[in-house]
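For reference, the structure discussed in these notes is given below.
The values are calculated or read from the model by the stated rules, or taken from the named source; none is laboratory data. Just so it is clear, the structure is predicted and the values come from calculations on it, not from any experiment. Cβ atoms come from the backbone with ideal geometry, glycine included; neighbour counts cover every protein chain shown.
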Amino acid sequence: MDAGVKAKKPVGPADRARKGSDPGAASAIKSVGIIGAGQMGNGIAHVVALAGYDVAMNDLKKEAVEQARATIERNMARQVSRGIITDADMKQALKRIGFAPDLAAVGEADLVIEAATEDETIKRKIFTDLCPKLKKGAILASNTSSISITRLASVTDRPERFIGMHFMNPVPMMQLVELIRGIATEDETFAAARTFIESLGKTIAVSEDFPAFIVNRILLPMINEAVYTLYEGVGTVESIDKAMRLGANHPMGPLELADFIGLDTCLSVMQVLYEGLADSKYRPCPLLVKYVEAGWLGRKTQRGFYDYRGEKPVPTR
């Protein structure tokens, strides 16, 4: 998960207080609730805890949070071995991460970040159930990679304090966070979110609230086109990935990257683009649909465009 890239040093709430440069809502964020303990949720918890914030993680099952903590500890240990953080940093950060047994426990945080699966129906239900349990001044954020922030905010009781924070995967490694304000997001909320993200040592790209924002508006159609290239028999999995790695100098081939992201997530983003922009160039490739229907979602299910069940990944086509 960690490629050994040295990230910016997190600033954190204590440092901001010492600098005295954080007025209003921006200085009020001291604790963070995270809903969803999967790949994105545990990555966000990792960087947030390292930056000095108390973290309350919630998932449908306590076992998911326990597994997330084990993943975080393993990834932090890698960072220690590479000199990115110290052993003391790791121990202190792990102490800051706790289990929130229900949404009421998450609602006590100053900022709550939803990091559930990329499904609008699920996200809307989470926000509807969560809002009555949030404290009055809390900021609500979604880590959605494609869904309208304005539309998600509309089901809450605080659209003016709702914002999109799209972290890149894997979160501890990737420097960028897309910041997306909905039509009702107030300036104070935007300023607080910006200060918070910068305190994590991340770099911000501000996007307008259009389907898939910036990164996935460009990246996912490229992946979808790679799947079409496979579907139409232009090249094999191996040749397509090799061509883009060596011909375009990409660190990872598009089909390997799709497996890493999750083919279900790739399909969800393409469906948002296709439905939101009504342009046939965003039509999801039928082969991508077929893989998702088969439950071959990539690395997380051990099969996608590659089979990961052996010692080395083997192309499935």
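If the Cβ limit is 6 Å and pairs must be 6+ apart or interchain, which residue in the stretch 136-163 that is closer than 15 Å to Lys125 by Cα pairs with which residue that is outside any strand (DSSP E or B) and among the aromatic types (Phe, Trp, Tyr)?
The qualifying pairs are Val155/Phe127; Thr156/Phe127.
What's the number of the only condition in (1) more than 24 Å from Thr265 (Cβ to Cβ); (2) modelled with pLDDT under 95 that Ala7 fails to meet?
(1)
What's the total number of residues in the stretch 268-317 that are closer than 19 Å to Met252 by Cα and aliphatic (A, V, I, L, M)?
Count: 3.
Taking the stated definitions as given, is Thr156 outside any helix (DSSP H, G or I) and under 15 Å from the mean Cα position of the chain (by Cα)?
no
I want to confirm something. Restricting to the stretch 48-88 and keeping residues that are without any contact (Cβ under 8 Å) to a residue 24 or more places away in the chain and among the hydrophobic types (A, V, I, L, M, F, W, C), which single residue is farthest from Pro101 (Cα to Cα)?
Val80
Looking only at the stretch 131-156, count how many residues are crowded, with 19+ Cβ neighbours inside 10 Å and within 26 Å of Ile261 (Cβ to Cβ).
12
Residues that are part of a helix (DSSP H, G or I), of a type in the set (Phe, Trp, Tyr) and in the same structural domain as Ala51 (by TED's automatic domain parsing): does the stretch 163-174 have at least one?
The answer is no; no qualifying residue exists.
Within the stretch 217-225, is even one residue at pLDDT below 95 and either aliphatic (A, V, I, L, M) or part of a loop (DSSP other than H, G, I, E, B) (or both)?
no
Which pairs do you get when a residue that is farther than 19 Å from Ser145 by Cβ, found in the stretch 234-261, comes within reach of a residue that is surrounded by fewer than 16 Cβ atoms within 10 Å (Cβ to Cβ) and of a type in the set (D, E, K, R), reach meaning Cβ atoms under 7 angstrom, with the pair 6+ apart or on two chains?
Matching pairs, first to second residue: Thr236/Arg317; Val237/Arg317; Gly253/Lys242; Gly253/Arg245.
The conditions are (1) of a type in the set (Val, Ile, Thr); (2) in contact with a Lys or Arg (Cβ under 7 Å, 6 or more places away or on another chain); (3) not assigned by TED's automatic domain parsing to the domain that holds Val112, and Val269 fails exactly one of them. Which is it?
Val269 satisfies all of (1) of a type in the set (Val, Ile, Thr); (2) in contact with a Lys or Arg (Cβ under 7 Å, 6 or more places away or on another chain); (3) not assigned by TED's automatic domain parsing to the domain that holds Val112 except (2).
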